[in-house]
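Working notes, beginning with the structure itself.
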Amino acid sequence: MSIVSSTPYLSPIPGKTTALNSQQKQQLSKPDHAIFLLQNCKTSKELIQLHTLLIKTSLIKEKHAFGRLLLSFASFDNLGTLDYAQKLFDTVDIPRNSFMYTTMIKAYVNCGNPKEAFAFYSRMLCDQHYVYPNDFTFTYVFSACSKFNGVFEGKQAHAQMIKFPFEFGVHSWNSLLDFYGKVGEVGIVVRRVFDRIEGPDVVSWNCLINGYVKSGELDEARRVFDEMPERDVVSWTIMLVGYADAGFLSEASCLFDEMPKRNLVSWSALIKGYIQIGCYSKALELFKEMQVAKVKMDEVIVTTLLTACARLGALDQGRWLHMYIDKHGIKVDAHLSTGLIDMYSKCGRIDMAWKIFQETEDKKVFVWSSMIGGLAMHSFGEKAIELFTKMIECGIEPSEITYINILAACTHSGLVDAGLQIFNKMVENQKPKPRMEHYGCIVDLLGRAGLLDDAFRIVETMPLKADPAIWRALLSACKLHRNVELGEQVGRILIKMEPQNDMNYVLFSNVYAGANRWEISGKLRREMKVRGMQKNPGCSSIELNGAVHEFVSRDHSHPQSEVIYELLHILTNHMVQDDHEPMMTTMAENQGIW
């Protein structure tokens, strides 16, 4: 009993051995029987009972039995049992071997304490009994280093791995490849490690491709992909994700079509890729293909698809996704709640967005921000301010996005004083520090309210150099309030900053058009043509019976385009008859007159 006398936590528990019968106690006198019983323990309570009996039979000093006991405690997904294993490791007087050290390293990696895992690896190297790593030690050591971004520590372990006088299995080298990929040491470093492997398997090849993808060397990644002796679904998916994240959707789509087997990650990657470049309709088409293929979705891809529904105003498909969440019991976390709130807000159902917000238990800052943004776009400015105040009272620190949304709410509802008060407090506290977007919101707020001189003063005195977006906001305000004098000044500044941006010329010309100064407006349009610029065509969409129809200026691809343009022509004639000339510019653009 002296073995554990210094640690009461590990002392035998009186009266707790009755769960094991006399035959089992007799079997415990042999290591193999003890190990068998340890392997069949279901609870930590049973393990503690066996620990007591191992002490009584002196098998606690037998390395195999002790190693199995240590593994059993360390394998439970419970910090209490890991703490027990740690005390067991530190107090039992027995020479440690690589199995025992690796068990503890693995346990700390799995429980989310990678630094302690690496500390155990260091202890192993300093052990007085000269303990060498086994074939699995480095698998967990490199995993630990990647989890706490220990670049220096990982490189140390790499050097030690090479210096040890024996070869390690391919899985150890694969872990090293994975480590370098995760900490950003990719490209030539990963290639050198790969070239040292004798008989690389498909995981080795995948790690190499992933390294090239992460370093942006997609051509080299594709070359290696084509050279692979065999590929699995991970190989295809890594290459697909590389193309999609880089915006090469044509290549990603071709690869997706060639895939012999697809998984959820490959579907998600392509859908996310289309959303990143603004092809929301294409993303929803893939979503329909997923339904036909009966692919089960998780919360990540549902959140991604909700973004596409929000951008297109596809309420029916957004509702279907909401029903899918409920039907399949997908856990609605803060991110998914935010996606639902954003979708319902942008699809016109602010009531449903509010319902989701109220039902969300884990209201993180971005959930509050999304709801404030939804109220802003529906011009519920006072309600947004009320929610913003409640958020602060709940101890939630507003983020940069929160301030952008609340200032937008004040702008859309004309709440100038409230908006200035919120902004001034933000400037005073510097938490967060105001960025360009926040100054842009204030310029927009003052400009829409007709306070153009104040807005111009903000632009000139702000600590940051105003970007073109802020000047455009001010120019839009000049157009709205027909202030040609200030509009001329702002327009010239904007064109000087971005001489090749067609939006600047169109907006500047509309300032003159709004004041019926058609000659100067037309001159600016002609200058656009001389510079080889064309106004980017506008795009709108509408959802009808679950299908999203997109309309682009001067586009005739829609099957009912003739009827659409005929109606547009009738509306144009009505505008002429009612003498709505300023509105004519938009109608003319849609018909391709400009």
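The values are calculated or read from the model by the stated rules, or taken from the named source; none is laboratory data. Predicted model only: the values in this text are computed from it and were never measured. A quick note on method: Cβ atoms are made from the backbone with ideal geometry, for glycine too, and the neighbour counts reach across all protein chains shown. What goes into the accessible areas is simple: the full protein's heavy atoms, side chains included, and nothing from ligands, DNA or RNA. Shrake-Rupley method; radii C 1.70, N 1.55, O 1.52, S 1.80 Å.
Would you please name the residue that is nearest to Glu437 (Cα to Cα), looking only at residues in region 467-479 that are open to solvent by 10 Å² or more (accessible area, probe 1.4 Å) and aliphatic (A, V, I, L, M)? Within region 467-479, the match that is nearest to Glu437 (Cα to Cα) is Ala469.
The set of residues from region 236-247 being small (Gly, Ala, Ser) and surrounded by 20 or more Cβ atoms within 10 Å (Cβ to Cβ) comprises Gly242, Ala244. Among Ser266, Ser281, which is touching a strand residue (DSSP E or B) at 6+ places or on another chain (Cβ under 8 Å), under 30 Å from Ser345 (Cα atoms), open to solvent by less than 40 Å² (accessible area, probe 1.4 Å) and of a type in the set (S, T, N, Q)? Selected residue: Ser281, the only one of Ser266, Ser281 that is touching a strand residue (DSSP E or B) at 6+ places or on another chain (Cβ under 8 Å), under 30 Å from Ser345 (Cα atoms), open to solvent by less than 40 Å² (accessible area, probe 1.4 Å) and of a type in the set (S, T, N, Q). You will find that of Met533, Met528, the residue that is at pLDDT below 80, under 30 Å from Cys279 (Cβ atoms) and either in contact with a strand residue (DSSP E or B) (Cβ under 7 Å, 6 or more places away or on another chain) or outside any helix (DSSP H, G or I) (or both) is Met533 and no other. Restricted to region 162-174, and to residues there that are buried (at least 18 other Cβ atoms within 10 Å of the Cβ) and more than 18 Å from Val234 (Cβ to Cβ), the residue that is modelled with the lowest pLDDT is Phe168. Selection over region 248-258 of residues that are under 17 Å from Leu218 (Cβ atoms) and surrounded by fewer than 21 Cβ atoms within 10 Å (Cβ to Cβ) gives a count of 7. Exactly one residue out of Ala107, Ala117 is more than 20 Å from Ser235 (Cα to Cα), at pLDDT below 90 and buried (at least 23 other Cβ atoms within 10 Å of the Cβ): that is Ala107. Here is a check on your reading of the model: is Ala159 more than 30 Å from Gly278 (Cβ to Cβ) and open to solvent by 30 Å² or more (accessible area, probe 1.4 Å)? In short, yes. Scanning region 120-148 for residues that are open to solvent by 10 Å² or more (accessible area, probe 1.4 Å) and outside any loop (DSSP other than H, G, I, E, B) turns up Ser122, Arg123, Leu125, Thr139, Tyr140, Ser143, Ser146, Lys147.
Screening region 466-525 for residues that are in a loop (DSSP other than H, G, I, E, B) and of a type in the set (Gly, Ala, Ser) and picking the one that is modelled with the highest pLDDT gives Ala466. Filtered by the rule that a residue be within 22 Å of Ile356 (Cβ to Cβ) and in a helix (DSSP H, G or I), region 274-298 gives Ile275, Tyr280, Ala283, Leu284, Phe287. Please tell me if Ile301 is part of a helix (DSSP H, G or I), in contact with a Ser or Thr (Cβ under 9 Å, 6 or more places away or on another chain) and either modelled with pLDDT under 90 or farther than 22 Å from Asn405 by Cα (or both). In short, yes. Taking region 370-440 and the helices (runs of 4 or more DSSP H) fully enclosed by it, the elements with 2 or more residues that are touching a Leu at 6+ places or on another chain (Cβ under 8 Å), among the aliphatic types (A, V, I, L, M) and open to solvent by 20 Å² or more (accessible area, probe 1.4 Å) are at 416-429. Among the helices (runs of 4 or more DSSP H) confined to region 175-227, the ones with at least 1 residues that are aromatic (Phe, Trp, Tyr) and open to solvent by 20 Å² or more (accessible area, probe 1.4 Å) are located at 202-214. The residues of region 304-316 that are assigned to a helix (DSSP H, G or I) and among the aliphatic types (A, V, I, L, M), listed by number, are Leu305, Leu306, Ala308, Ala310, Leu312, Leu315.
Would you check if Ile94 is touching a Lys or Arg at 6+ places or on another chain (Cβ under 6 Å) and touching a residue at least 12 places away in the same chain (Cβ under 8 Å)? Considered against the rule, which asks whether it is touching a Lys or Arg at 6+ places or on another chain (Cβ under 6 Å) and touching a residue at least 12 places away in the same chain (Cβ under 8 Å), Ile94 comes out as yes.
Among the residues of region 149-174, how many are hydrophobic (A, V, I, L, M, F, W, C), farther than 21 Å from Trp205 by Cβ and outside any helix (DSSP H, G or I)?
Result for region 149-174: 2.
Counting only residues that are among the small types (Gly, Ala, Ser), part of a helix (DSSP H, G or I) and under 26 Å from Val186 (Cα atoms), region 102-119 holds 2 of them.
Would a scan of region 93-101 turn up a residue that is open to solvent by 40 Å² or more (accessible area, probe 1.4 Å), assigned to a loop (DSSP other than H, G, I, E, B), among the charged types (D, E, K, R) and modelled with pLDDT of 75 or more?
Scanning region 93-101, I find at least one residue that is open to solvent by 40 Å² or more (accessible area, probe 1.4 Å), assigned to a loop (DSSP other than H, G, I, E, B), among the charged types (D, E, K, R) and modelled with pLDDT of 75 or more, so the answer is yes.
Screening Phe366 against (1) touching a Ser or Thr at 6+ places or on another chain (Cβ under 6 Å); (2) farther than 20 Å from Phe287 by Cβ; (3) crowded, with 24+ Cβ neighbours inside 10 Å leaves a single unmet condition, (3). Restricting attention to region 480-533, the residues that are open to solvent by less than 50 Å² (accessible area, probe 1.4 Å) and of a type in the set (A, V, I, L, M, F, W, C) add up to 14. Within the span defined as region 322-334, every residue fails to be under 22 Å from Met426 (Cβ atoms), open to solvent by less than 20 Å² (accessible area, probe 1.4 Å) and under 20 Å from the mean Cα position of the chain (by Cα).
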